[in-house]
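Taking it in order: structure first as structure tokens, then the write-up.
The values are calculated or read from the model by the stated rules, or taken from the named source; none is laboratory data. This structure is a prediction, so every number in the text was calculated from the model and none was measured. Here Cβ is always computed from backbone atoms with ideal geometry, including for glycine, and neighbour counts include all displayed protein chains.
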Amino acid sequence: MFYWIIYALANLISWFWFPITVIARNHLPRGAFILACNHVSYLDPVIIGSCIRRRMSFMAKGSLFKNKWLGACLRGVDTFPVKRGTADIGAIKEAIRRLKEGRPLVVFPEGTRLHAAGEARPHPGIALIAKKTKVPIVPVLIKGSFEVLPPGAKFFKRHNITVLVGPPRNYQPTDSPEAVAEKILQDIYSLSV
């Protein structure tokens, strides 16, 4: 119930402050899939959660869960922690469990907010999760969220946002996790209107 209350609130706020246009939403498959997205603003998970009309699971950096109130809110919207900078086997297992239950998962392959493509290498964990679950990966590119909430901003600035959804992809299981992660990132940033 909490998830859908936040979903409705996010849609109300976005309608006023940052109208979202979703292009090719029909590419989203039924059942479980991994939604792999770029990440330039703290607003990105909210944007994805509000424009995908299904209940999504999210991975978020573990430090966000140290605050009890924020941690409870994040868990209420199907978010679980991942330790950054390490091979967090527990987070990978949790991601696999959720996907096997048929729940779509949102992953930001670069692991942190970036100002431009190519500033960081993608984490290979996304490839390991896809290989274990055999679910398709859907590349998604968000445009405009940096303008709405850039780093250091205390409140939203009005700006339109576009979410481009690419076709689902299955990557070669024989490729290394690092090569698959790089290919996923290329597919995200190759999306355009």
statement: Residue pairs within 6 Å by beta carbon, gap of at least six or interchain, first lying in the stretch 172-193 and of a type in the set (Val, Ile, Thr), second in a loop (DSSP other than H, G, I, E, B) and buried (at least 18 other Cβ atoms within 10 Å of the Cβ), listed first then second, are Val180/Tyr171; Ile184/Pro109; Ile188/Asn38
query: (1) over 24 Å from Asp187 (Cβ atoms); (2) surrounded by 19 or more Cβ atoms within 10 Å (Cβ to Cβ): which one isn't true of Val106, the others all being true?
result: (1)
query: What number of residues in the stretch 150-169 are touching a residue at least 40 places away in the same chain (Cβ under 8 Å) and closer than 30 Å to Lys134 by Cα?
result: 7
query: Is it the case that the stretch 85-93 has a residue that's touching a helix residue (DSSP H, G or I) at 6+ places or on another chain (Cβ under 8 Å) and modelled with pLDDT under 90?
result: yes
- prompt: Can you name every residue in the stretch 1-51 that is in a helix (DSSP H, G or I), surrounded by 14 or more Cβ atoms within 10 Å (Cβ to Cβ) and touching a strand residue (DSSP E or B) at 6+ places or on another chain (Cβ under 8 Å)?
  reply: Ser14, His27, Asp44, Pro45, Ile47, Ile48, Gly49, Ser50, Cys51
Identity of the residue in the stretch 155-193, of a type in the set (Ser, Thr, Tyr) and surrounded by 15 or more Cβ atoms within 10 Å (Cβ to Cβ), that ends up modelled with the highest pLDDT: Thr162
